[in-house]
Amino acid sequence: MKFTIDVLGIFLKVVIKINKVTFAPLVVSTLFILLTSLLAHCARRLVQKSINEPFVRLLFEEAIAAAELCGCCFELIVVADNFGVGTYAIFLFALTIWWSLNWGDATACPYTHIEDVIEGKGDIRKAFLKTWAELLGGLLVFKYVQTYWALEISETHKDKAFEECRADLQVPVIYGAVVEGVATCLCRLASKSLGDLNPRFATAIDSFIGTSLVVAGVLTRHTVFVYRYQDNSANADLSVSIFCKIHLGKAFDYSGGYFNPVLATSLKAGCEGHTLLEHAVVYWIGACAGSILSVYMYKIPAIQRYVRGTTAVNGDSIWADKED
C-alpha cells in the first residue's frame, strides 16, 4: 500500500511539474498509461507471490490483465482523438508487445477460452469463470480512469470524466456482427500461424498484425477504390463492362473494430446509440463466432499446407527453428 501511495505521489508531482512548464497533454497521457501498466505489473507480482492455487491465481491475473487493457485503451482514445492515428498506432504497438511479454497465461479475451473448450484444452466452467473475472476487471477499471480524468490535469481531459458516450455501431446489428466476426477470424488465424511457426520475432509480428488491423481501417476510412473494365474487342460477339466501387476502411465506421468482447463492453456498453442486446450480438456473438470459425478454418488442408510451406523458404530466415 505504501509503495502504491509513493508511486501515485511521484506520478502526480511529475505530471503537474511538466504540465506547468510545457503543458504537454501527450506527456500526461503517456504517464497515465505508464502508471496503469506499472500498477498492473505490481498487482500481478503480488498475486503470483500470495496465491498458490494455480487456477485462482489465473483468475486474478485475467482480471488484472483486463483492467490494464481497458484502462490503457480508455486513454488511447484520448490519444487518437487529439494526436492522430499515427501516434495512436505507436502506443498500441508498444503496449501489445508489453502485454504479450507480461501477461503470462492471461489473455483478457473471452473467445480464447471458447477456443480452448473446442480444442479440448479446457472446460466450460473454467471458461465461464475466466470470462467473469475479465468482465469484472474491465468494468471496475473505469472508476479508476474516471477519477484521473476528473483531475483535468490536461486540456484533453476537460469534461471527459462525465461526458455522455456514443456507440460506434453505425449500421444494422447483423452487419456490425459480421464485421467484428470477420476481423476477429483474421486476427486469430494470424496468431495461430505465428504460434505454430514460432518465428524469432513472433511477439512483434503479432503486435504489428493486430495494430495494422485496427489502424488500416482508420487510415483508409475515406478512401474509395474504383475498378473499371471495358471489353470492346472488334471481333467479340458480346461487349463486357465491369464497374466495381469499394469503400475501404468502412468497417471501422460500422462497428468500431474492437475484436475483443471485454474491451468493447468496458468502453461502449450502455452508451447511447445501441441497446445492450444489440451490443451483445455485435461484440460478443459476432467476435466469438469469428473466433470459433478460425479454429475450423485453420484445420483446412490448404491453409495448413500454406503455413507449413512457409518454413521451407531458403536464405536468411526469421523462423526460430530454421537454420539459415
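The values are calculated or read from the model by the stated rules, or taken from the named source; none is laboratory data. The shown structure was predicted, so the numbers you read here are calculated from the model rather than taken from an experiment. Because the Cβ atoms are built from the backbone with ideal geometry, glycine has one as well, and the counts that use them run over all protein chains shown. Just the protein is used for accessible areas: all its heavy atoms, side chains included, with ligands, DNA and RNA removed. Shrake-Rupley method; radii C 1.70, N 1.55, O 1.52, S 1.80 Å.
Have a look at the range 20-163 and give its Rg and Dmax from the Cα atoms, expressed in angstrom.
Final numbers for Rg and Dmax: 16.7, 57 Å.
Any idea of Ile77's accessible area? Nearest 10 Å², probe 1.4 Å.
Its heavy atoms expose roughly 50 Å² to the probe.
What trypsin sites (Lys or Arg not before Pro) does the range 65-127 have in DSSP loop regions with at most 15 other beta carbons within 10 Å? Please report the intermediate quantities before stating the final value.
Values: sites: Lys121, Arg125, Lys126; in loops: Lys121.
Within the range 65-127, the qualifying trypsin sites (Lys or Arg not before Pro) (loop, at most 15 other Cβ atoms within 10 Å) are Lys121.
Using mean Cβ contacts within 10 Å as the protection proxy, how do 57-67, 156-166, 38-48 order, highest first? Before the final figure, lay out each step's value.
Numbers: 57-67: 24.2, 156-166: 12.7, 38-48: 16.1.
The most tightly packed comes first, giving 57-67, 38-48, 156-166.
Could you report the accessible area of Asp196 in Å², rounded to 10, computed with a 1.4 Å probe on the protein chains as they sit in the structure?
Result for Asp196: roughly 70 Å² accessible.
Under a crude label model (7 Å from the Cα following the beta-carbon direction), how far is Tyr296 from Tyr175 in nanometres?
Distance between the two pseudo-spin positions: 2.7 nm.
Stretched out fully, how many nm does the piece from Ala150 to Ile77 gain, at 0.36 nm a residue minus the Cα gap? Don't skip to the end; give the middle numbers.
On the way: separation 73, 0.36 × 73 = 26.28 nm, distance 1.60 nm.
Fully extending the segment from Ala150 to Ile77 adds 24.7 nm.
Which entries of Lys49/Lys268; Lys130/Lys158; Lys126/Lys192; Lys158/Lys268; Lys126/Lys299 have Cα-Cα distances beyond 27 Å here?
Long pairs (Cα-Cα over 27 Å): Lys49/Lys268; Lys130/Lys158.
Mind grabbing the accessible area of Phe128 for me, 1.4 Å probe, Å², rounded to tens?
Here the accessible area works out near 130 Å².
I need to check one value: relative contact order of the range 20-163, counting alpha carbon pairs closer than 8 Å and at least 6 residues apart, in percent.
Details: 132 pairs, mean separation 45.2, N = 144.
Answer for the range 20-163 is 31 percent.
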